[in-house]
Amino acid sequence: MAPRRPAARTILPRAIFALFGLGLLAAVVTAWKLTDRSVGGAGGLGGELRLVDQDGRTTDETTFRGHWRLVYFGYTFCPDVCPTELQTMVDAMDELGPKADRVQPIFVTIDPARDTPEKLKNYVGLFGHNLVGLTGSVPQVQAATRAYRVYYAKSPGADADSYLMDHSSFVYLMKPDATLATVFPAGTPSDVMAKGIREAAGF
Ligand code: NI
C-alpha cells in the first residue's frame, strides 16, 4: 500500500509554522549581529553621518567630534513608535544630568521626500534637549541606513502623501569615533538607557 500523501489541511499549518520559524531565526540573527560588541570600525556598523541638519548645514566627521551619539532612524509622519523612542531618548538625556553635555541625540529620517530640513526643525523642537534632525538626498540617506543596517520600506497610504514607512527601531549608542558602543531595542525604558550610556561611556 502506497503511503498516503499528507492532506492539504496539514500542509498549510506546517508551511505557516516553518515560515514563522524562519522569520524568528532571521530576527534572532539580526539581533545577535546588532548586539555583537565586536562590530564597529572598518566594515562594522556605524560611521560618520554625512547628511543635512535641520538648519540646512551639511554634517561630516567634524560635526559631532568628541561626543557620544544616541542615534535613531525614523520619520516625522510616524504615528507612534518614532515619537515614543525619541521621547525615551530625551528622557534618558534628562536622567544623565550634566553628563548629557557629552552625548548628542540625533534623529535621522528614512523619509527624505517628506522630511525636509524645515519639517525636521519643527519636529525636533518638540522634543528639545538639542535633538538634531538629519535628512539629505536619497543617496545620502541610503548610505547612512546601509552603514547602520537600518531596514525600511514604504507602506502605501490612502493617498500619495499619507504613506507610512515600515522600519527597524533601535537606538544606537555610538562612541565619539562613530563606532558602535551598544544598541537599545525599542521599548527600552529611559532609566535603563541612561544606565547603559553611563556604563558604556564610563561616566
Ligand atoms: Ni516610526
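So MET93 clears everything in (1) within 18 Å of the chain's Cα centre (by Cα); (2) more than 16 Å from SER169 (Cβ to Cβ); (3) open to solvent by 10 Å² or more (accessible area, probe 1.4 Å) except one condition, right? Which one?
Against the list (1) within 18 Å of the chain's Cα centre (by Cα); (2) more than 16 Å from SER169 (Cβ to Cβ); (3) open to solvent by 10 Å² or more (accessible area, probe 1.4 Å), MET93 comes up short only on (3).
For segment 26-62, give me each residue that is at pLDDT 95 or above, closer than 18 Å to PRO176 by Cα, open to solvent by less than 60 Å² (accessible area, probe 1.4 Å) and assigned to a loop (DSSP other than H, G, I, E, B).
LEU45, GLY47, GLU48, LEU49, LEU51, THR59, ASP60
Just for segment 89-110: of the residues that are within 13 Å of the ligand (Cβ to nearest atom) and either out of contact with any His (no Cβ under 9 Å at 6 or more places or on another chain) or charged (D, E, K, R) (or both), which one is nearest to PHE203 (Cα to Cα)?
PHE107
Looking at the structure I just gave you, is VAL81 touching a residue at least 24 places away in the same chain (Cβ under 8 Å), within 12 Å of the ligand (Cβ to nearest atom), among the β-branched types (Val, Ile, Thr) and open to solvent by 20 Å² or more (accessible area, probe 1.4 Å)?
Spelling it out, VAL81 is indeed touching a residue at least 24 places away in the same chain (Cβ under 8 Å), within 12 Å of the ligand (Cβ to nearest atom), among the β-branched types (Val, Ile, Thr) and open to solvent by 20 Å² or more (accessible area, probe 1.4 Å).
Specify the residue that is surrounded by the most Cβ atoms within 10 Å (Cβ to Cβ); the eligible residues are those in segment 109-130 that are part of a helix (DSSP H, G or I) and among the charged types (D, E, K, R).
LYS119
Identify the single condition in (1) under 18 Å from SER137 (Cα atoms); (2) out of contact with any Lys or Arg (no Cβ under 9 Å at 6 or more places or on another chain); (3) open to solvent by less than 50 Å² (accessible area, probe 1.4 Å) that ALA100 does not satisfy, given that it satisfies every other one.
Result: ALA100 fails condition (1) only.
Is it fair to say ALA194 is more than 16 Å from the ligand (Cβ to nearest atom) and at pLDDT 95 or above?
yes
Which one of these is buried (at least 18 other Cβ atoms within 10 Å of the Cβ), among the β-branched types (Val, Ile, Thr), touching a residue at least 12 places away in the same chain (Cβ under 8 Å) and not in a helix (DSSP H, G or I): ILE197, ILE106?
The unique qualifying residue is ILE106.
Of SER190, SER162, SER155, SER137, which residue is under 19 Å from PRO105 (Cα atoms) and not aliphatic (A, V, I, L, M)?
Going through SER190, SER162, SER155, SER137 in turn, just one is under 19 Å from PRO105 (Cα atoms) and not aliphatic (A, V, I, L, M): SER190.
When you look at ASP177, is it open to solvent by 70 Å² or more (accessible area, probe 1.4 Å), under 22 Å from GLU48 (Cα atoms), in a loop (DSSP other than H, G, I, E, B) and not hydroxyl-bearing (Ser, Thr, Tyr), yes or no?
Against the criterion (open to solvent by 70 Å² or more (accessible area, probe 1.4 Å), under 22 Å from GLU48 (Cα atoms), in a loop (DSSP other than H, G, I, E, B) and not hydroxyl-bearing (Ser, Thr, Tyr)), ASP177 qualifies.
The values are calculated or read from the model by the stated rules, or taken from the named source; none is laboratory data. These figures come from a predicted structure and were not determined experimentally. A quick note on method: Cβ atoms are made from the backbone with ideal geometry, for glycine too, and the neighbour counts reach across all protein chains shown. To get the accessible areas, we keep the full protein, side chains included, count just its heavy atoms, and leave off ligands, DNA and RNA. Shrake-Rupley method; radii C 1.70, N 1.55, O 1.52, S 1.80 Å.
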